[in-house]
Amino acid sequence: MLTIIGLLSTTFGVSVASALLPLISVELFAIGLVLKEPEIPWWVLALVIATGQIGGKLLHYYAARGAIRLPRFLRREKSGKSSPGRWRAWLESFRENCRNRPVWAGSVLLISAVASLPPFAAVAVIAGWAKVPVSTFLITGFIGRFARFGVLAAAPAAMATWL
């Protein structure tokens, strides 16, 4: 029992780290853990990973919203440009869609959280910038991440029963 608690604590730490640093793959860690410790219930593993992932992505969300002050080297310099550019126009359009169509914003967040297309890290930043309500971000992001990692954690056991 103590070993499982230690593994779940480590899983939580890896999931937060992977949410903050995209070079860390919580998916590979989860697959390895499921193969090594198949007695951990898939839903417990999915719950721990989803909680850690949303906790880490929440930092991105709040940083984009301006609630967390980033170090100077991560902040963007103000430029004197007056033309918005294509990227800025797309972001403004996204922000407007989020305000006017909250179901659409929740759907984008949910799809991104499940499929990571577009990458959930980028969507978390854009959602913060677009001022998507934090409750929408938390609920849809958590449900999506739980579904993603639930399938991932249950897949090895499901495959073993078929073989």
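Screening Y62 on (1) in a helix (DSSP H, G or I); (2) open to solvent by 30 Å² or more (accessible area, probe 1.4 Å); (3) closer than 15 Å to F149 by Cβ shows it passes everything except condition (3).
Checked against (1) in contact (Cβ under 8 Å) with a residue 12 or more places away in the chain; (2) of a type in the set (S, T, N, Q); (3) surrounded by fewer than 22 Cβ atoms within 10 Å (Cβ to Cβ), S135 passes all but a single condition, namely (1).
Test A121 against the criterion of being among the small types (G, A, S), in a helix (DSSP H, G or I) and loosely packed, with under 12 Cβ neighbours inside 10 Å, and give yes or no. Here the answer is no, as A121 does not meet what is asked. Take the residues of region 95-114 that are open to solvent by less than 50 Å² (accessible area, probe 1.4 Å) and of a type in the set (A, V, I, L, M, F, W, C): which is farthest from the chain's Cα centre (by Cα)? Selected residue: C98.
Scanning region 16-26 for residues that are more than 14 Å from L45 (Cα to Cα) and either touching a helix residue (DSSP H, G or I) at 6+ places or on another chain (Cβ under 7 Å) or in a helix (DSSP H, G or I) (or both) yields A17, S18, A19, L20, P22, I24, S25.
Would you say T51 is free of Cβ contacts under 8 Å to residues at least 24 places away in the same chain and of a type outside the set (A, V, I, L, M)? Show your work before the answer.
Working: free of Cβ contacts under 8 Å to residues at least 24 places away in the same chain: no; of a type outside the set (A, V, I, L, M): yes.
It is false that T51 is free of Cβ contacts under 8 Å to residues at least 24 places away in the same chain and of a type outside the set (A, V, I, L, M).
Tell me, yes or no, whether region 22-37 has at least one residue that is modelled with pLDDT under 90, under 20 Å from the mean Cα position of the chain (by Cα) and within 27 Å of T136 (Cα to Cα). For region 22-37, residues modelled with pLDDT under 90, under 20 Å from the mean Cα position of the chain (by Cα) and within 27 Å of T136 (Cα to Cα): present. I'd like to know if region 1-15 contains one or more residues that are closer than 30 Å to K131 by Cα, among the hydrophobic types (A, V, I, L, M, F, W, C) and assigned to a loop (DSSP other than H, G, I, E, B). Within region 1-15, not a single residue is closer than 30 Å to K131 by Cα, among the hydrophobic types (A, V, I, L, M, F, W, C) and assigned to a loop (DSSP other than H, G, I, E, B).
Of all residues in region 25-43, which are touching a residue at least 24 places away in the same chain (Cβ under 8 Å) and either loosely packed, with under 14 Cβ neighbours inside 10 Å or of a type outside the set (V, I, T) (or both)?
Step one: list which residues in region 25-43 are touching a residue at least 24 places away in the same chain (Cβ under 8 Å), which gives 26-27, 30-31, 33-35, 37-40, 42-43.
Result: E27, A30, L33, L35, E37, P38, E39, W42, W43.
Given (1) open to solvent by 80 Å² or more (accessible area, probe 1.4 Å); (2) under 21 Å from E27 (Cα atoms); (3) assigned to a helix (DSSP H, G or I), where does F149 come up short, assuming only one miss? Going through the list (1) open to solvent by 80 Å² or more (accessible area, probe 1.4 Å); (2) under 21 Å from E27 (Cα atoms); (3) assigned to a helix (DSSP H, G or I), F149 breaks only (1).
Quick check, is L110 at pLDDT 90 or above, touching an Asp or Glu at 6+ places or on another chain (Cβ under 7 Å), in a helix (DSSP H, G or I) and under 20 Å from A50 (Cα atoms)? It would help to see each step written out before you state the result.
Details: at pLDDT 90 or above: yes; touching an Asp or Glu at 6+ places or on another chain (Cβ under 7 Å): no; in a helix (DSSP H, G or I): yes; under 20 Å from A50 (Cα atoms): yes.
When the stated conditions are applied, L110 does not pass them.
The values are calculated or read from the model by the stated rules, or taken from the named source; none is laboratory data. These numbers come from a predicted model, not from an experiment. Neighbour counts run over all protein chains shown; Cβ positions are idealised from the backbone, glycine included. Just the protein is used for accessible areas: all its heavy atoms, side chains included, with ligands, DNA and RNA removed. Shrake-Rupley method; radii C 1.70, N 1.55, O 1.52, S 1.80 Å.
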